[in-house]
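Participant: Here it is, the structure in full.
The values are calculated or read from the model by the stated rules, or taken from the named source; none is laboratory data. Treat the numbers as computed from the prediction; the structure is a model and nothing was measured. Every residue, glycine among them, receives a Cβ derived from its backbone with ideal geometry; neighbour counts consider all protein chains shown.
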Amino acid sequence: MNFTDQQVVAGQSAEQPGPAAAAGVAVVTGGNRGIGAAIVRRLVHDGFRVAATSRLGTEAPAGALAVPMEVTDGQSVSAAFERIHQELGQVSVLVANAGITKDTLLMRMSEEDFAGVLDVNLGGAFRCAKAAAKPMMRARSGRIILISSVVALYGSAGQVNYTSSKAAMIGMARSLTRELGGRGITANVVAPGFINTSMTAQIDPAAQEKYLGAIPSGRFAEPEEVAGVVAFLAGPDASYISGAVIPVDGGLGMGHEG
Ligand code: NDP
């Protein structure tokens, strides 16, 4: 999709943007579907000019720019950021949301199963943070938001690869905070619990019932409930929050947060 200012404005007016209109440029990786798409819709609504990246880059929610980005490939990440800069302007918010699972028990987990998940979830966040930090350092302002998971600190059998990648995001956000905090850049982690998306639809119904029994809120969440927290962290009210881990899990991870 080719994106023009007119299209941004058309998308925004249809969505009736909130008070933070012209809030800046946001990049949401994996913004074409699931939680990422809900974040894109919310940031468009809040007045951001938003790029929604995905591997093919052929689809994005209304009002957003669809951009191809393979997060395991540094050149693809650089090219995507360059295009976003050209078409939307200097990036002020990064939401590193693209992620995969490849679940199996430790004894069956291959090196490829482990490294592949780390490369997408953690390596992707690293490559995008590096690309986004450049314009943010110049502007002496920026928000980096990493989408982790409740299981990062809770642990999860069959997810040694996934939980390792998600736990490491916390160290990443805190190191970014220490490295870039003095330049007006914040870095935070959002740790969702069980959210209704295609990722969780793969979990077998018996396991879903077991999870449900452990969640104090007694229900799974919708992607929009994660998007609202991301929008808060991207907005003006979160200017002094950095290095935080914010759970959106109905209480599932209580007592295990970092
Ligand atoms: P989905 O499976 O619905 O979407 C995954 C997204 O990641 C897609 O947009 C996909 O793009 C993108 N992606 C995957 N691999 C790559 C890659 N190599 N390069 C670029 N983009 C890629 O996931 P969810 O919406 O459920 O999850 C979003 C994030 O939230 C993930 O990081 C996940 O770990 C996390 N999370 C989800 C929870 C849940 O309950 N659903 C709970 C806790 C955390 P494409 O369409 O091109 O494949």
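Participant: Taking the options Ser110, Ser92, Ser175, Ser141, name whichever one is within 22 Å of Leu43 (Cβ to Cβ), surrounded by fewer than 19 Cβ atoms within 10 Å (Cβ to Cβ) and either of a type in the set (S, T, N, Q) or at pLDDT below 95 (or both).
Facilitator: One residue alone meets the criteria, Ser141.
Participant: In region 144-171, what residues are of a type in the set (S, T, N, Q) and surrounded by fewer than 19 Cβ atoms within 10 Å (Cβ to Cβ)?
Facilitator: Listed by number, the residues that qualify are Ser156, Ser164.
Participant: On to the next question. Applying the selection to region 40-57, what residues are more than 9 Å from the ligand (Cβ to nearest atom) and not acidic (Asp, Glu)?
Facilitator: Those that are more than 9 Å from the ligand (Cβ to nearest atom) and not acidic (Asp, Glu): Val40, Arg41, Arg42, Leu43, Val44, His45, Gly47, Phe48, Arg49, Val50, Ala51.
Participant: Return the pair list, or none, for Cβ contacts closer than 7 Å from residues in region 54-66 that are without any contact (Cβ under 8 Å) to a residue 24 or more places away in the chain to residues that are surrounded by fewer than 24 Cβ atoms within 10 Å (Cβ to Cβ) and of a type in the set (D, E, K, R), at least 6 apart or on different chains.
Facilitator: Arg55/Glu70
Participant: Among (1) within 26 Å of Ser78 (Cβ to Cβ); (2) within 10 Å of the ligand (Cβ to nearest atom), which single condition is Val151 missing?
Facilitator: (1)
Participant: Looking at (1) closer than 16 Å to Gly124 by Cα; (2) outside any loop (DSSP other than H, G, I, E, B); (3) more than 12 Å from the chain's Cα centre (by Cα); (4) in contact (Cβ under 8 Å) with a residue 40 or more places away in the chain, can you tell me which one Val27 breaks?
Facilitator: (3)
Participant: Name the single residue that is farthest from Asn188 (Cα to Cα) among those in region 219-240 being outside any helix (DSSP H, G or I) and in contact with a Leu (Cβ under 9 Å, 6 or more places away or on another chain).
Facilitator: Arg219
Participant: Sticking with this one: Based on what the data block shows, is Arg140 more than 15 Å from the chain's Cα centre (by Cα) and charged (D, E, K, R)?
Facilitator: Taking the combined requirement at face value, the residue satisfies it.
Participant: On the given criteria, is Phe220 among the hydrophobic types (A, V, I, L, M, F, W, C) and over 17 Å from Val28 (Cβ atoms)?
Facilitator: Against the criterion (among the hydrophobic types (A, V, I, L, M, F, W, C) and over 17 Å from Val28 (Cβ atoms)), Phe220 qualifies.
Participant: Residue by residue through region 184-202, note down the ones that are part of a loop (DSSP other than H, G, I, E, B), surrounded by fewer than 24 Cβ atoms within 10 Å (Cβ to Cβ) and within 8 Å of the ligand (Cβ to nearest atom).
Facilitator: Within region 184-202, Phe194, Asn196, Thr197 qualify.
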